[in-house]
Structures are given as structure tokens and as C-alpha cells.
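Undergrad: Sending over a structure as C-alpha cells; questions will come in a sec.
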Amino acid sequence: MCIRDRVSTQSTGAFPMNCLLFVFFAILPATIFATDILLKPLSATSGLPEVGMVLVQGAGIKPEAYQSIAIEFQNALSDYYALWVGIPEFPGDVAEPVVLDDGIERMLDTMYKAGFDSDSPLVMAGHSLGGAMVQTWTDSHAKNVTAQILMGSFLTRVYKTDYVFSYSVPTLTIGGELDGLARATRIAEAYYTQILDPYQDQSSGEANFPVTIILGVSHMQFADGDPPNLVLKRDLLPEVSYEQAHKLIAADAAVFLRTRLNSSDADARNTLSSRLQQTRTLR
């Protein structure tokens with residue numbers, strides 16, 4: 001338990017040393033025994049340009065629940081890029097701000113030691129609470145990040161001030177039509193804020209901050225396995241299989257990344273444009 005020294009904290013504002021030690025020793029065991037997951041590029045992509053992705057878990061969802069969708073990301077990009085995917089595990093399977101930096105940096109260090117080139121493009125991704133948390137890290141490390149993907153999550157309203165939306169890194173927001181937590185109505189708000197708002201440049205918004213909604217997909221289908229209690233209580237029943245959902249999500253992610261990694265990829269730009277139109281009309 002943290003015990004404050006009333007005299008010292010009132011006069012200096014310092015955080016008590018015993019509190020710091022408590023936090024340190026509470027987090028240390030979970031860090032040591034964290035089950036981070038690293039997926040090296042598919043063997044079929046040997047020789048292609050490399051890209052790295054760090055995917056931040058949703059609250060209460062184990063890293064292994066994201067292996068299937070991570071492999072689909074690799075498959076969707078396999079004609080163009082060799083994708084590394086790192087999925088760090090956070091204490092209690094919650095990416096709290098106090099442990100976020102450590103978990104991401106630990107994952108990146110593992111990727112570098114395994115052979116990922118630190119000069120290669122880096123993509124950040126997050127699901128649910130993981131998306132809400134990773135966007136702050138991405139924003140503060142913008143010079144090192146090529147793009148970001150938020151799944152069942154969205155850029156928060158803190159990035160819209162005085163009627164103007166502004167964020168430092170190109171970001172794809174992917175929502176599920178039947179997501180019971182990050183509701184389609186909130187994803188629609190993101191579409192308006194980032195693309196349709198008359199204060200925005202629509203063509204720039206479409207290119208840099210696209211928003212897609214995938215029909216029939218629920219919140220848990222951005223991962224797999226047993227949902228945590230909150231998701232179990234609030235999520236809606238999906239209308240597509242997990243396998244179908246992962247392929248559709250990966251397809252949107254892949255075309256967005258292709259546009260960010262190669263501005264001359266006209267096919268990817270056209271496909272992304274079609275997906276934006278489908279999302280706008282929900283067809």
C-alpha cells in the first residue's frame with residue numbers, strides 16, 4: 001500500500017518512493033512472464049520489402065487470440081510485402097498507459113533481435129482499448145511510424161479542436177457493423193470528422209484517414225477465442241464466420257497499407273476508394 005508523507009508531498013509534489021516501488025514490483029512479475037507473440041514473415045515473401053507491425057491487444061484478450069488475424073494480414077500483403085507482426089502482452093492483458101511504452105519497446109526490441117530491420121516501415125495497430133491506447137504512443141512517435149490501423153476502435157475526440165481534426169500519422173479506422181462496443185454510429189462519426197466535415201479536405205481525409213465498416217462483423221471478430229466478460233455482455237451476434245471476418249478486415253488493412261507504402265499503387269487506391277463509398281452507403 002502507498003503511504004504518503006503529508007509534509008513532503010505537499011511541499012514538493014513528489015510521488016512517494018514507496019508508491020513507485022509498489023508499482024514497480026506489481027508490474028515486474030507480469031513483465032517477466034509476459035507471453036509476447038512474434039510472427040516472422042511468411043517464407044513465400046522472402047526477398048520482398050519488409051514491413052513491421054506491432055498490434056496492441058484489447059482489454060482482457062490474450063495475444064494468441066490475434067494470431068489468426070495477424071496471419072491474414074501477412075497473407076493479404078504477401079504479393080507485395082514481407083510482414084513481421086509482434087503482439088505484446090501487457091500486465092493483466094490490459095494496455096494501461098503506465099505499461100504501454102515498456103510493452104511496445106520490448107516487442108520492438110524482440111523484433112529487431114529476430115532480424116527485423118529498424119529502418120523498415122513500422123505500422124502500429126490496436127483493437128478495442130488497445131486502439132485507444134496505441135494512438136497516443138503513435139502520435140508521440142510519429143516520425144518513426146508509417147501508418148496506424150485501429151480495429152473496433154477510433155481516433156478520440158481529443159484530436160478535433162476548434163472544428164478542425166488533426167492527427168500526426170495516417171490512420172485507417174475499421175469498424176464492424178455489429179460491433180456492440182465500438183458502435184457503427186461512432187465509426188460513422190469518425191467518417192464524418194475525418195472525411196466529410198466541411199472544415200476538412202475530403203481527398204486528403206480519404207487518403208490519410210479512411211474509415212471502413214465491414215458488414216456482419218462483431219467486436220470480438222477482430223480477434224478470436226472466448227470473449228472477456230464485458231465483450232460477452234455488450235457485443236452483438238455476428239453474421240459472418242470468424243474466418244470470413246478476418247479475411248475482410250485484412251483486405252481493408254492491406255489496401256490501405258499498400259497506398260501508404262507505395263503512392264503509385266493505383267489498384268490499391270481504387271480499391272480503397274470503393275470501400276469508402278461502400279461504407280458511406282453501408283452496402
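Undergrad: Sort all Cα-Cα distances of the chain into consecutive 5 angstrom bins from zero, then give the percent of pairs in each bin up to the one containing the longest distance.
TA: With 5 Å bins starting at 0, P(r) equals 1, 6, 12, 16, 18, 16, 12, 8, 4, 3, 2, 1, 0, 0.
Undergrad: Using the alpha-carbon centroid of each, what span in Å lies between region 146-167 and region 78-115?
TA: One Cα centre to the other: 21 Å.
Undergrad: Moving to a separate point now. Over the chain, what percent of the accessible surface lies on carbon and sulfur atoms, probe 1.4 Å? Intermediate results must be reported in sequence, preceding the final value.
TA: Values: 7380 of 13640 Å².
Roughly 54 percent, rounded to a whole number.
Undergrad: Could you tell me how many degrees, from 0 to 90 and to the nearest 10, lie between the Cα long axis of helix 17-32 and the main elongation axis, the longest principal axis, of the Cα atoms of the chain?
TA: Once rounded, one gets 50 degrees.
Undergrad: In debye to the nearest 20, how big a dipole does the chain give about its Cα centre with +1 on each Lys and Arg Cβ and -1 on each Asp and Glu Cβ?
TA: Working: 20 positive and 31 negative charges, 102 e Å.
The dipole magnitude comes to about 480 debye.
Undergrad: I'd like to check one number: the per residue accessible area of region 91-154, probe 1.4 Å, reported in Å² as a whole number.
TA: Working: 2470 Å² over 64 residues.
Ligands and nucleic acids excluded, the figure is 39 Å² per residue.
Undergrad: In the chain, if the dipole is taken from +1 on Lys/Arg beta carbons and -1 on Asp/Glu beta carbons about the Cα centre, which of S118, T173, I69 is farthest to the positive end?
TA: T173
Undergrad: With every protein chain left in place, what is the accessible area per residue of region 155-283 in square angstrom, probe 1.4 Å?
TA: Values: 6390 Å² over 129 residues.
Computed with neighbouring chains in place, this is 50 Å² per residue.
Undergrad: Hey, in the GNM for the chain with a 10 angstrom Cα cutoff, which one of Y242, Y191, Y112 fluctuates hardest?
TA: Among Y242, Y191, Y112, the largest mean-square fluctuation in the Gaussian network model of the chain belongs to Y112.
Undergrad: How big is D, in µm² s⁻¹, for region 70-145 by Stokes-Einstein at 20 °C and 1.002 mPa s if Rh is the Kirkwood radius over C-alpha pairs? If you can, show how the numbers build up before the last one.
TA: Numbers: Rh = 13.4 Å.
Approximately 160 µm²/s, per Stokes-Einstein.
Undergrad: Go ahead and run the numbers for FRET between Y163 and A266, Cβ-Cβ distance against an R0 of 30 Å, rounding to 0.05. Write down the numbers at each step before the final one.
TA: Working: r = 33 Å, r/R0 = 1.10.
Efficiency computed from Cβ-Cβ geometry: 0.35.
Undergrad: Continuing with this model, one more query. Heads up, I need the accessible area for V85: 1.4 angstrom probe, whole protein in place, Å², nearest 10.
TA: V85 exposes around 0 Å² with every protein chain in place.
Undergrad: Quick one, what does Rg over Rh come out to for region 221-260 if you take C-alpha atoms and the Kirkwood Rh? Present the calculation step by step, with values, prior to reporting the outcome.
TA: Details: Rg = 12.7 Å, Rh = 11.6 Å.
That ratio equals 1.09.
Undergrad: Follow-up question, since we're still on this one. What per residue convex hull volume, in Å³, do the alpha-carbon atoms of region 167-283 yield? Before the final figure, lay out each step's value.
TA: Values: hull volume 13.0 nm³, N = 117.
Taking the convex hull of the Cα positions in region 167-283, it is 111 Å³ per residue.
Undergrad: What is the magnitude of the charge dipole of region 154-283 about its Cα centre, with +1 placed on the Cβ of each Lys and Arg, -1 on the Cβ of each Asp and Glu, and no other charges, expressed in debye to the nearest 20? List each step's numbers first, then the result.
TA: Working: 13 positive and 15 negative charges, 32 e Å.
Charge dipole of region 154-283: 160 debye, to the nearest 20.
The values are calculated or read from the model by the stated rules, or taken from the named source; none is laboratory data. As the structure is a prediction and not an experimental result, all values here were calculated from the model. Because the Cβ atoms are built from the backbone with ideal geometry, glycine has one as well, and the counts that use them run over all protein chains shown. The area values use the complete protein model at the heavy-atom level, side chains included, leaving out ligands, DNA and RNA. Shrake-Rupley method; radii C 1.70, N 1.55, O 1.52, S 1.80 Å.
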